[in-house]
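The structure appears right after this line, and notes come after that.
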Amino acid sequence: MPPEVIAADEEAVMQSKQVQALFKKQKDTGIWGGNLLCLAPSAKEGIKDVGTIPQYRRLLQLGVPRSARSYKLADRVLFRLLSRDDDPFLQFEFAKLSKDSPAAMEWAREHMREAATAALAEAGYIEDPRVRGAAHKIASAVSAFLRSPLAEKPYVRSGAKTILNPEAHPPTWYSVAMIAAMPNLQRERAGFTERLGQYLGTPMSKKAFVWQIGKRVQKPELLLLGDPIVADAKGNAKDIPLALHFIELLARISALHTNPVATKVLARLMSECDDEGVWRPKALKAAPKTTHKVVCHAYPLHAESKSPDSRLVDVTFRLALIARLLGWPLEYR
């Protein structure tokens, strides 16, 4: 593609309403929403807007050029999170939680570092020694979990609650995204990547549990204790955006073949594409909705419009991207 065409496309992205809205919400400190990880506003927690990591990742998904000032502001904060910087500013929404106990503070730090590492890896810092160091530490913790008995029984009872075993360090959406963005790490730790793919191909437990950190409990929405896709026997996914996001991650770690449900869902979605490669399922009345906030950075990307075809854009794009990742030829009649 000619450089002038690329430049014009990048300028169009920069001037889009979605991107301009994100730019305006970012503070000069590099932070969005006054928090780091929140995926949606929460009146209960006093969170008024989506946090910094999801907004940063959304800029990447929207195709904002890496030269944009928003990245430079946020990068400073994210790299500080990878260090041992004890500045209270870096505790964000976990400030009160960290006062409970040293264990809670360490949990919060590890949680934030993992998310920051994933975001920086997706931004292209895959050879930065700070990112590589943090990534290998995270991969080692997940690898130890996958090799241990905790992988099969990660829960314990605590009073009347079922909680995640404090010794367990299962994969999360962030750690898997980090690994998916770092092909060199995958090659260096091929055995671990293969075990991870096999683990993500097992059905996710339906057991209700919580994360207990100090005196507070957290919803386990970021944990990946197996395959999160829910689909019927024909491959119809209950949550198409979530399924596509997960399938894309599996494709990036070369693990799609280990997951029969994801493979069937992808085949079903591909079968609904027309001769031009556009996803056109029968009787579609509205764009697919997601019930899982973890995909908020990636779906939807296309701005809403009155055109019926606008509801097809996001799924069509993801299917084409997944096909490219899998090495499939994109040839349309």
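Nothing in this text is a laboratory measurement; each read-out follows from the coordinates by a stated rule. Keep in mind it's a predicted model, so treat the numbers as computed, not measured. Because the Cβ atoms are built from the backbone with ideal geometry, glycine has one as well, and the counts that use them run over all protein chains shown.
For the stretch 99-137, trypsin sites (Lys or Arg not before Pro) meeting the loop criterion (DSSP other than H, G, I, E, B) and having at most 14 other Cβ atoms within 10 Å: Lys99. Across the stretch 275-287, coupling constants 3J(HN,Hα) worked out from phi with the 6.51/-1.76/1.60 Karplus curve, θ = phi - 60°, read 5, 9, x, 8, 5, 9, x, 6, 6, 7, 9, 7, 5 Hz, and Gly and Pro carry x. Model label sites at Ala160 and His292, defined 7 Å from Cα along the beta-carbon direction, differ in position by 3.0 nm.
Expressed as a whole percent, the proportion of Cα-Cα pairs in the stretch 150-224 lying more than 18 Å apart is 46%. Its residues counted as N, the stretch 240-325 yields a C-alpha radius of gyration over 2.2 N^0.38 Å of 1.06.
Applying the criteria of a DSSP loop state and at most 16 other Cβ atoms within 10 Å to the GluC sites (Glu not before Pro) of the stretch 178-265 yields Glu221. Binning the C-alpha pair distances of the chain at 20 Å intervals from 0 yields a P(r) profile of 29, 61, 10, 0 %, listed from the shortest bin outward. Among the DSSP helices (H) of the chain, those spanning at least 20 angstrom by Cα along their long axis with an average Kyte-Doolittle hydropathy of -1.0 or more are 69-82, 102-122, 129-147; this is a geometric and hydropathy rule only.
Computed from Cα atoms alone, the Kirkwood hydrodynamic radius reported for the stretch 106-162 is 13.1 Å. Rounded to the nearest Hz, the phi-derived 3J(HN,Hα) couplings of the stretch 205-219 under the Karplus curve 6.51 cos²θ - 1.76 cosθ + 1.60 (θ = phi - 60°) are 5, 8, 5, 7, 7, 9, 8, 10, 10, x, 9, 10, 10, 10, 5, where x marks glycine and proline. Calculate, for Trp328 and Ser67, the FRET efficiency according to 1/(1 + (r/R0)^6) with r their C-beta to C-beta distance and R0 25 Å; round to the nearest 0.05. Efficiency computed from Cβ-Cβ geometry: 0.20.
Model label points for Ala303 and Ala267, set 7 angstrom from Cα along the Cα-to-Cβ axis, are 4.0 nm apart. The GluC sites (Glu not before Pro) of the stretch 74-146 that DSSP puts in a loop, and whose beta carbon has at most 12 other beta carbons within 10 Å, are Glu127.
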